[in-house]
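Undergrad: There's a structure below that I have some questions on.
The values are calculated or read from the model by the stated rules, or taken from the named source; none is laboratory data. Please read all numbers here as calculations on a predicted model, not as lab measurements. No Cβ is skipped: glycine too gets one built from the backbone with ideal geometry, and neighbour counts run over all protein chains shown. What goes into the accessible areas is simple: the full protein's heavy atoms, side chains included, and nothing from ligands, DNA or RNA. Shrake-Rupley method; radii C 1.70, N 1.55, O 1.52, S 1.80 Å.
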Amino acid sequence: MLKETDNEIYNLIQEEKDRQDYELNMIPSENYCSKEVLEASGSVLNNKYAEGYPKKRYYQGNRVVDEVETIAIERAKKLFGAEYANVQPLSGSGANMAAYFALLEHGDKIMGMELSQGGHLTHGSPVNFSGKLYNFVSYGVDEKTGLLDMEKVRELAIKEKPKMIVAGYTAYPRTVDFKKFSEIAQEVGAYLMADVSHIAGLIVGGVHNSPVPYADIVTTTTHKTLRGPRSALILCKEKYGKAVDKAVFPGLQGGPHEHIIAAKAVAFKEAMSNDFKKYAEQTIKNAQTLAKTLMDSGVKLVSDGTDNHLLLIDLIKTEFVGKIGVGKEYAVALEDAGIITNANTVPYDPSTPFKPSGIRLGTPTLTTRGFKEEEMIKVGNWMIEVLKNPEDSEMKERIRNEVKELCKKFNPNF
Ligand SMILES: *Cc1c(COP(=O)(O)O)cnc(C)c1O
């Protein structure tokens, strides 16, 4: 119908679909959700106002959405093994804000990872509400290894005595030891918050340890490795449930997006399947195959590899590049060849976030469309060609066509 009534937007949606079909989408925070998730998120549930919670609404007519939201809550709890779930947060940033509101007072001290080392804006960046409303102290990774040094994290926690420690990152390619974090939090009397936005799908797929038994509160987006709609979720111990609910509504949000809550329920059910377990396993295998292919050709990866879905290329320490602040230029060159990544700071980047020295990429989307190790080696070799000669237009055009041919064999099944 849109085709007839609003050709302009219709055509752009088709154009974007083609782009998603025929380019290698390797932004590690993206994924292709199923047709069924899209179906639920485009449903008439969009039309209902439901401020409040199931059976405790401010408006009438919530008979059906009460059931939808209750199913979403129950599935979320089952999927993650959590005591309590709030499925109303609209996005990851808002979920984090609600988590802070639930457990802290403005001005309280929180310990989070520095943005430029792999943390998130909402973990204390001065340009974000988190850095403005709370007193953040930052930890980072070890300069030599690129790994979290848990002894240093502990020392900082003992020195600073934060009220909360945040674990969970946007650009950390290694396993996070949530048990160790909880021991440190307990030692200093802090809450532990885990923000598993990136790795939620790996956790429920059983290929990354879960923070749920250890953390007081867990936040996550639902659209990254979890492969659901663009949204978020808060899990917590039963005793914090009331505070979390109040923080989300009326503390922060108005009416919940019940169509998206339905789509989350669909995604949670999908994530309980055996297929999803295989997906999570393959996502990591693919990332490790790509890492090996790149490293064998002289590409320097932060931490020299990956345990998860994500890789971070250090262009300064990649000998055949060896330049500071060129992440964007190289990401653009890769895009010319049909390979979509993002420029990102590397730990201890001597340049700025506007001119970062790294490239962040990952395998969730390619794995969803069915790529396995064999395809990842191809992708790695194309990337190396581009990284070695970022200005060779003829080569980039050739690769762009080869990418398209490969993509045709792996339909994302929208
Ligand atoms: C993506 C992400 C968020 C924010 O999610 P939005 O939905 O973009 O607001 C928060 N924390 C981490 C660790 C993330 O990776």
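Undergrad: Which whole-number percent gives the relative contact order of the stretch 275-407, counting Cα pairs below 8 Å spaced six or more residues apart?
TA: Values: 224 pairs, mean separation 37.4, N = 133.
Reported relative contact order: 28 percent.
Undergrad: Moving to a separate point now. Run lengths n ≥ 4 of DSSP H only: what is the helix-derived mean residue ellipticity at 222 nm for the chain, with -39500 (n - 2.57) per run over all residues, to the nearest 500?
TA: Details: 16 runs with 182 residues, N = 414.
Helix contribution divided over all residues of the chain: -13500 deg cm²/dmol.
Undergrad: Starting from the Cα of residue 175, step 7 Å along the direction of its Cβ; do the same at residue 401; then give the gap between the two resulting points in nm.
TA: Taking the two extended label points, one gets 4.5 nm.
Undergrad: Of 239, 277, 264, which is the most mobile in a GNM of the chain whose springs link Cα atoms less than 10 angstrom apart?
TA: Highest fluctuation of the listed residues: 239.
Undergrad: Ignoring ligands, DNA and RNA, what accessible area per residue does the chain give at 1.4 Å, in Å²?
TA: Working: 18280 Å² over 414 residues.
Value returned for the chain: 44 Å² of accessible area per residue.
Undergrad: I've got another one for you. From Cα pairs below 8 angstrom and at least 6 apart in sequence, can you work out the relative contact order of the chain, rounded to a whole percent?
TA: Details: 868 pairs, mean separation 91.3, N = 414.
So the answer I get is 22 percent.
Undergrad: Please sort 242-255, 281-294 by packing, taking for each peptide the average over its residues of neighbouring beta carbons within 10 angstrom, highest first. Present the calculation step by step, with values, prior to reporting the outcome.
TA: Values: 242-255: 17.4, 281-294: 21.1.
Listed from highest to lowest mean packing, they are 281-294, 242-255.
Undergrad: Roughly how far apart, in whole Å, are the Cα centres of the stretch 109-135 and the stretch 158-184?
TA: 13 Å
Undergrad: With all protein chains present, how much of the accessible area of the stretch 320-378 (probe radius 1.4 Å) comes from carbon and sulfur, to the nearest whole percent? Mind dumping the intermediate values first?
TA: On the way: 1290 of 2310 Å².
So the carbon and sulfur contribution to the accessible surface is 56 percent.
Undergrad: Where the centroid of each part is defined by its Cα atoms, how far is the stretch 380-403 from the stretch 211-245 in Å?
TA: Going from one Cα centre to the other spans 40 Å.
Undergrad: Moving to a separate point now. Can you pull the percent of the stretch 37-270's accessible area that's carbon plus sulfur, 1.4 Å probe, other chains left in place?
TA: Numbers: 5020 of 9640 Å².
Its accessible area is 52 percent carbon and sulfur atoms.
Undergrad: Between the DSSP loop rule and a limit of at most 15 other Cβ atoms within 10 Å, which GluC sites (Glu not before Pro) in the stretch 67-161 are left? Walk me through the numbers on the way to the answer.
TA: On the way: sites: 67, 69, 74, 83, 105, 114, 143, 151, 155, 160; in loops: 83, 105, 114, 143.
Those satisfying the criteria are 83, 105, 143.
Undergrad: Using Cα pairs under 8 angstrom and six or more residues apart, how large is the relative contact order of the stretch 37-270, in percent?
TA: Details: 469 pairs, mean separation 71.0, N = 234.
Computed value for the stretch 37-270: 30 percent relative contact order.
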